[in-house]
1. Answer with one residue from 175, 142, 70: the one whose Cα lies farthest towards the positive end of the charge dipole of the range 69-192, charges on Cβ with Lys, Arg +1 and Asp, Glu -1.
2. Could you name the aspartates and glutamates in cross-link range of residue 71, using Cα to Cα under 20 Å and dropping any fewer than eight places away on the same chain?
3. Name all residues of the range 101-126 having a backbone nitrogen under 18 Å from the label point set 7 Å from the Cα of residue 79 along its Cα→Cβ direction, giving them as ranges.
4. For each of 69, 110, count neighbouring Cβ atoms within 10 Å of the residue's Cβ, then give the residues from fewest to most.
5. With +1 on each Lys and Arg Cβ and -1 on each Asp and Glu Cβ, how big is the dipole of the range 130-193 about its Cα centre, in debye rounded to the nearest 20?
6. Ratio of Rg to Rh for the range 69-192, alpha carbon only, Kirkwood?
7. To make sure I understand, if each residue's beta carbon is the centre and we count other beta carbons within 10 Å, what order do 151, 97 fall in, fewest to most?
8. Arranged by the count of other C-beta atoms within 10 angstrom, fewest first, what order do 112, 167 take?
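Quick note: the coordinates plus some simple rules give every number you see, no bench work behind them. Being a predicted model, the structure only gives us computed values, none of them experimental. Note: ideal-geometry Cβ built from the backbone for every residue, glycine included; neighbour counts use all protein chains shown.
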Amino acid sequence: MSRSLRTAALAASAGAALLLLAACTPAGDSDASPKPTTSRSASPSASSSPSGSPSPSVSPTATPVDVSCSKLVSAQTVYDFNPNYVLLTKPSIPAGSAAAQAQADGGVACAWQQTTTGHVIYLSAARYPADKIEQLKAAAGPTTTAFGAGSGYWSGTTGTAFAGDAWIVATSVDFYEAADASTFIDSAAAALG
């Protein structure tokens, strides 16, 4: 085969490849950048605000909770759940969340961050009078038996438990079912007595 025939064949092959690749883009779309979709991502960002928990109004009759995050859930308990989670010493608690409400009412709000994905587990605990506990239970969602501590509720990625006068909430995108949150909820309930 002569050199000019090889060059012509190569040019024809390259042209055909370009035409095939051009056919892969939508016609009439001058903006080739990907468009956002509404499908749920398997790996939500760490800045996702937890939801699914009630955000009750501030209760002046709440009893302060004076228990540290490391006492609510020990480092070993967190490690056993996933060794890549670390306790955040000054967490940014999402406004309007159960953790923010507990903190505002004299409770405790804790956060552990997964060092690889950046996902965060929020755990909060507050103590309320019986009438407030009943209001919180009514807003907690479907019941679950996954928690050993008192009555339990599960909604989306949020577990809620009531142990006596304690309102305990754990939420994370890494909680796929109530059993995932039980490690944190049951540990906190035991620490609160």
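1. In the range 69-192, that residue is 70.
2. Straight-line reach from residue 71, under 20 Å: 80, 105, 165, 180, 186.
3. Those under the cut-off are 112-116.
4. Taking fewest neighbouring Cβ atoms as first place, the list is 69, 110.
5. 100
6. My calculation puts Rg/Rh at 0.93.
7. 151, 97
8. 112, 167
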